[in-house]
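One structure below.
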Amino acid sequence: MKLSKAFIPYKGYYSTPFCRWQGSLQNEHSIVLGANTAKKWLASKGWDPKMFDYLFLGITIGQKQWFYGSTWAAALMGAERIPGMTISQACTTSVTCIWTAGMGIETGTFKLPFCLMTDRCSNGPHIVWPNPLGPGGEVISENWMMDNFNRDPWAGLAMIQTAENVMKEEGFTREQSDEIALLRYEQYKMALENDRAFQKRYMFPVEGRVSKKEIRVVEADEGVIPSTKEGLAKARLTIPGGTITFAAQTFPADGNCGVIVTTEEKAKELSADPNIKIQLISYGFARVEKARMAKAPVPAAQMALDVAGLKIDDIAVIKAHEPFTANALYFCKQFNIPPERVNNYGSSLIYGHPQGPTAGRLIIEGIEETVMKGGGYMLYTGCAAGDTAASIILKIG
C-alpha cells in the first residue's frame, strides 16, 4: 500500500542519546522514563500532550506493569484521556509503530497519533514460569535479554550465528568486516563535528538516576568505543573460527524516541519549517530462510521500493540497522552500492541498540540528513529477531 495522506512535522520528533547498558539509565523504568522525556520535549516545543488522539508505544523488553503500557505512558505524558496500543516487534518496532500510525491517518482513523518508542536493555527481567507438570513442579526460568539473544527457539541458534551463516555463505572475510566497522565509526564521527551539530538537530537530553542522591543529565551518547584499524585487528572473535569480532557487532543500550504522525495540514501547522514536507510513502517486510537474519533487510527494502515505484538509485539517503557487519556487507552487495552510501553519521553498530527506539533514531537521522541534502527520498531498512525485517520510505522536501 502506498500512502498519500500521512506526514511527519519537521522537527516533530526527537531521540535521546543512547547509553550503553548498565550505564546512566540502568535504573530507570523505560516506560516511565520514555513518557517523562516525551512530556519534557513537548513542553520545550510549547505543545499540549492533550492534542494527541492516540498513542503507539513501542517496547520490547518487559518492565513492571507493562500490561498497561500504552495507556499508562499516555497518562504520564499528560494525555490521560487517550487510548493506545503497545507494539513489540523486536528491532523493527519503531518502523511498525510509525507505519501503523500512518495507515491510521490514511484511513481517517486518527488525526494526530504519537509514537513513543522506549527500551532499557540494562537489568533485564528474570522471569519464572509455572511448570506444575515438571519434575517436582520445579519452575522454568528465563533471562529476557540473554536467553533470547543466545537462542532463537525456531532456528535453534544465537543471533550472532545467523550473521556468521551469511558471512560464510557469501564468502565475506574478517578483513571486510573490520573495514565496515571502521567505516561506520568514521561516519559516526561526522555527527560529532562542530560540537555535535548534527546530533543537536534532533537529540533531546534525558535524565537518569544513578544513585539515591544523584540525577545525571545525559546529553550525548554514552559508551561508544573509538575504533582504529589496529584495534579492530586485535579484537576477539565472537565465535571461535568465525569472522565477526566483538568490535564488529552492536551492543545493548538504553534510550527512547518519539515521532508525531499526522495529516498534511496539521504537519504544516506543527512544523518548524512549513516549507519542508515529510511524507510517509511505503513499507516493506520480509522473512528469509531460517537462521539467515542478516539477509532480511534486502527483500524488505526491495518491497518498499517496488510499492513506491522507485529504484535504489532514486534514494537520496539510506539508513540501516546493523547489529552485525554482515548486514552491511550483504545489503551493499545485493544492491551493488558502496558501503559509504549507507549510514552517514553512524549507525546502531556504533552507538548501540536499545531495540524499541533503534529504528526510530535512524529514521530521524535519515530525515535530518535528507533535509541537509536539499530533499529527496529516504529509505530505512533493518532486520529483527526471527529472520525478519521491515523497511520504510519517506519523501522529504
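The values are calculated or read from the model by the stated rules, or taken from the named source; none is laboratory data. None of the values given here were measured: they were computed from a predicted structure. When we count neighbours, we look across all protein chains shown, and the Cβ atoms used for this are built from the backbone with ideal geometry, even at glycine.
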>> I'd like the full set of residues that are surrounded by fewer than 22 Cβ atoms within 10 Å (Cβ to Cβ), within 12 Å of TYR380 (Cα to Cα) and touching a helix residue (DSSP H, G or I) at 6+ places or on another chain (Cβ under 7 Å), limited to the stretch 299-320.
In response: ILE312, ALA316
> Between residues in the stretch 283-310 that are over 17 Å from ILE337 (Cβ atoms) and residues that are aromatic (Phe, Trp, Tyr), which pairs lie under 7 Å by C-beta distance while being six or more apart or on different chains?
Replying inline: TYR283/TRP99; LYS290/TRP154; MET303/PHE285
> Which of the residues belonging to the stretch 228-261 are buried (at least 18 other Cβ atoms within 10 Å of the Cβ) and either touching a Pro at 6+ places or on another chain (Cβ under 7 Å) or modelled with pLDDT under 95 (or both)?
Replying inline: GLN249, THR250, ALA253, ASP254, GLY255, ASN256, CYS257, ILE260, VAL261
> Taking the stretch 117-151 as the search range and keeping residues that are among the hydroxyl-bearing types (Ser, Thr, Tyr) and either part of a loop (DSSP other than H, G, I, E, B) or in contact with a Ser or Thr (Cβ under 6 Å, 6 or more places away or on another chain) (or both), which one is surrounded by the most Cβ atoms within 10 Å (Cβ to Cβ)?
Replying inline: THR118
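Of all residues in the stretch 111-148, how many are in contact (Cβ under 8 Å) with a residue 24 or more places away in the chain and touching a helix residue (DSSP H, G or I) at 6+ places or on another chain (Cβ under 8 Å)? Give the steps one after another, and end with the answer.
Initially, the stretch 111-148 is screened for residues in contact (Cβ under 8 Å) with a residue 24 or more places away in the chain, giving 111-125, 127, 144-145, 148.
Narrowing the set further to residues that are touching a helix residue (DSSP H, G or I) at 6+ places or on another chain (Cβ under 8 Å) leaves 111-121, 124-125, 127.
Count: 14.
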>> Being crowded, with 17+ Cβ neighbours inside 10 Å and farther than 25 Å from ARG216 by Cβ narrows it down to one residue among GLY12, GLY23, GLY34; which is it?
In response: GLY12
>> Looking at TRP154 and the list (1) hydrophobic (A, V, I, L, M, F, W, C); (2) under 26 Å from LYS290 (Cβ atoms); (3) out of contact with any helix residue (DSSP H, G or I) (no Cβ under 9 Å at 6 or more places or on another chain); (4) in a helix (DSSP H, G or I), which single condition is not satisfied?
In response: (4)
>> Against the condition crowded, with 20+ Cβ neighbours inside 10 Å, more than 18 Å from the chain's Cα centre (by Cα) and not hydroxyl-bearing (Ser, Thr, Tyr), how does GLY208 come out, does it pass?
In response: yes
> Is at least one residue of the stretch 321-340 more than 26 Å from PHE149 (Cβ to Cβ), touching a strand residue (DSSP E or B) at 6+ places or on another chain (Cβ under 9 Å) and buried (at least 24 other Cβ atoms within 10 Å of the Cβ)?
Replying inline: no
> Does the stretch 202-215 hold any residues that are of a type outside the set (Ser, Thr, Tyr) and more than 16 Å from PHE18 (Cβ to Cβ), and which are they?
Replying inline: ARG209, VAL210, LYS212, LYS213, GLU214, ILE215
> Looking at the stretch 168-181, which of its residues are under 23 Å from the mean Cα position of the chain (by Cα) and surrounded by fewer than 18 Cβ atoms within 10 Å (Cβ to Cβ)?
Replying inline: none
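Being within 22 Å of LYS5 (Cα to Cα), in contact (Cβ under 8 Å) with a residue 12 or more places away in the chain and either outside any strand (DSSP E or B) or touching a strand residue (DSSP E or B) at 6+ places or on another chain (Cβ under 6 Å) (or both) narrows it down to one of LEU394, LEU349, LEU362, so name that one.
Details: LEU349 fails: within 22 Å of LYS5 (Cα to Cα); LEU362 fails: within 22 Å of LYS5 (Cα to Cα).
Within the list LEU394, LEU349, LEU362, the selection yields LEU394.
Going residue by residue through the stretch 205-227, is there one that turns out to be at pLDDT 95 or above, over 30 Å from LYS11 (Cβ atoms) and aliphatic (A, V, I, L, M)? Don't jump to the end; show me each part of the working.
Going residue by residue through the stretch 205-227, those that are at pLDDT 95 or above are 205-206, 217-227.
Then drop every residue that is not over 30 Å from LYS11 (Cβ atoms), which leaves 225-227.
Next, only the ones that are aliphatic (A, V, I, L, M) stay: 225.
Yes, the stretch 205-227 has at least one match.
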>> Just to verify a result, which residue in the stretch 99-115, among those that are of a type outside the set (S, T, N, Q) and more than 24 Å from the chain's Cα centre (by Cα), is farthest from ALA74 (Cα to Cα)?
In response: GLY108
>> Please count how many residues of the stretch 182-205 are surrounded by 13 or more Cβ atoms within 10 Å (Cβ to Cβ) and polar (S, T, N, Q).
In response: 2
> Which number in (1) surrounded by fewer than 19 Cβ atoms within 10 Å (Cβ to Cβ); (2) at pLDDT 95 or above; (3) in contact with a strand residue (DSSP E or B) (Cβ under 7 Å, 6 or more places away or on another chain) marks the one condition that TRP154 misses?
Replying inline: (3)
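Identify, from the list LYS2, LYS40, LYS64, the residue that is surrounded by fewer than 20 Cβ atoms within 10 Å (Cβ to Cβ), touching a residue at least 12 places away in the same chain (Cβ under 8 Å), in contact with a strand residue (DSSP E or B) (Cβ under 9 Å, 6 or more places away or on another chain) and over 21 Å from ILE367 (Cα atoms).
From the options LYS2, LYS40, LYS64, the qualifying one is LYS40.
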